[in-house]
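Each value in this text was obtained by applying a stated rule to the coordinates, not by laboratory testing. This structure is a prediction, so every number in the text was calculated from the model and none was measured. Here the Cβ positions follow ideal geometry from the backbone for every residue, glycine too, while neighbour counts run over all protein chains shown.
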Amino acid sequence: MSKLGNLGARLHRGEVGYDFVGNRKIWYGVSILITITAIVGLAVRGLNMGIEFQGGAVFTTPKTSVSVAQAETYAQDASGHPAVVQKLGTGGLRIQVAGIDTGKSDQIKDTLAKDLSVPSEQINADLVGPSWGEQIAGKAWEGLAIFMVLVVIYLAIAFEWRMALAAFVALIHDITITTGIYALVGFEVTSGTVIGLLTILGYSLYDTVVVFDSLKEQTKDITKQTRWTFSDIANSSINSTLVRSINTTVVALLPVAGLLFIGGGFLGAGTLNDISLSLFVGLAAGAYSSIFIATPLVADLKEREPQMKALKRRVLAKRAQTAEAGPAGETAEDDSRAEEPQDAAPAVVGQRSQPASRNRGRGRPSGKRR
């Protein structure tokens with residue numbers, strides 16, 4: 001078995017682990033800092049909206065020897081607006097000019113034909129009206145709102161309202177960070193960006209629901225035992241699914257990184273940047289929020305319940321009693337384990353939990369039967 005697989009098995013059994021829930025204030029602080037940075041980026045720089053949302057024109061030229069930088073200058077002079085130029089695999093250029101009056105497209109097209117030394121009839125112009133862009137933006141926000149409402153309703157029914165609320169907060173966290181990165185980097189927001197955003201929300205929910213399902217299973221009849229608090233079991237759920245979350249995130253990020261850094265950076269495939277950046281940032285933020293935000297927040301909300309408060313007092317009192325009793329109290333504690341759920345074993349750094357199987361067979365004489 002590989003080292004990572006062995007670590008995953010030990011995490012699942014509760015033999016090793018990290019106290020995610022106990023250190024939740026650190027992760028809350030990190031998330032708040034990142035979120036504030038993203039909001040400041042949105043407020044100061046704003047989003048670079050594509051022509052799908054602003055309206056404008058896209059001119060596609062045949063093969064030409066004109067450089068991208070020179071073509072940007074020609075397009076800006078001809079239209080009076082900033083232009084985005086991309087080199088195509090055919091050797092032609094894709095010139096995108098947002099915010100222009102579509103009635104002037106023929107004039108801009110003729111000017112570009114002269115500057116680029118190509119026939120005007122060989123330049124293809126695709127026009128997008130501003131009203132169509134506004135409709136697309138409105139539909140995108142409507143779809144996002146409906147998606148959020150349906151997710152919250154489903155999670156509230158499948159799990160409980162606290163988990164639905166925690167998942168909603170995690171989704172808002174992921175959306176804010178992704179859009180803030182877009183504002184800071186200056187990448188163009190297109191329809192591909194919206195598709196990527198909806199994709200990462202689904203992925204983020206998948207990771208969160210996996211942890212929630214484990215937590216729901218382990219907290220059945222939690223009040224009938226006095227070994228673990230809700231936070232202990234929540235921490236165990238995160239640790240038992242940690243390697244799975246890491247594996248799925250890394251596997252998903254590798255091809256997206258190829259699109260973003262190799263395709264968009266080295267090969268100049270700029271049309272991939274809008275969707276690959278949202279996927280890359282969103283997948284990383286979604287994995288982070290499912291581990292460090294959603295489940296610790298559920299534990300915070302759940303620990304406010306009177307039953308969980310009473311359970312925590314009993315657990316802490318028993319632990320204090322066991323500590324005072326010393327070695328003499330360990331036997332009594334071990335004997336009580338058979339009456340308590342064995343699947344709720346929290347993972348704590350440096351502490352090795354004792355599987356239930358070690359209690360079996362006590363009192364039997366050692367050696368061979370005669």
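I need the calculated FRET efficiency for the pair Gln307 and Val185, taking r as the beta carbon distance and R₀ as 45 Å, to the nearest 0.05. Between Gln307 and Val185 the formula returns 0.45. Here the scattering of the stretch 29-77 is modelled by Debye summation over its C-alpha atoms, one equal scatterer each and no solvent; at q = 0.21, 0.29 Å⁻¹ the log10 of I(q)/I(0) is -0.86, -1.08.
Across the stretch 205-236, no residue has a backbone nitrogen under 13 Å from the label position 7 Å along the beta-carbon direction of Thr35.
Peptides 235-243, 187-195, 145-153 ranked from most to least packed give 235-243, 187-195, 145-153, packing being the mean of other C-beta atoms within 10 angstrom over each peptide's residues. For the peptides 295-301, 61-67, the ranking by mean Cβ contacts within 10 Å, running from highest to lowest, is 295-301, 61-67. Here is the list for the stretch 208-317: trypsin sites (Lys or Arg not before Pro) lying in DSSP coil, each with at most 10 other C-beta atoms within 10 angstrom of its C-beta, are Lys220, Arg304. Projected label points at Leu253 and Ile157, each 7 Å from Cα along the beta carbon direction, are separated by 3.5 nanometres.
For the stretch 139-155, 3J(HN,Hα) computed residue by residue from phi via the Karplus equation (6.51, -1.76, 1.60; θ = phi - 60°) reads 5, 5, 5, 4, x, 5, 5, 4, 4, 4, 4, 5, 5, 4, 4, 4, 5 Hz, glycine and proline entered as x. For the stretch 114-203, rounded, prolate or oblate, judged on the Cα gyration tensor with a ≥ b ≥ c (square roots of eigenvalues), a/c < 1.5 rounded, else prolate if a/b > b/c? Here the stretch 114-203 falls in the prolate category.
In sequence order, the stretch 32-49 has phi-based couplings of 5, 4, 5, 5, 4, 4, 5, 5, 4, x, 5, 6, 7, 9, x, 8, 8, 6 Hz under the Karplus curve 6.51 cos²θ - 1.76 cosθ + 1.60, θ = phi - 60°, and Gly or Pro positions carry x.
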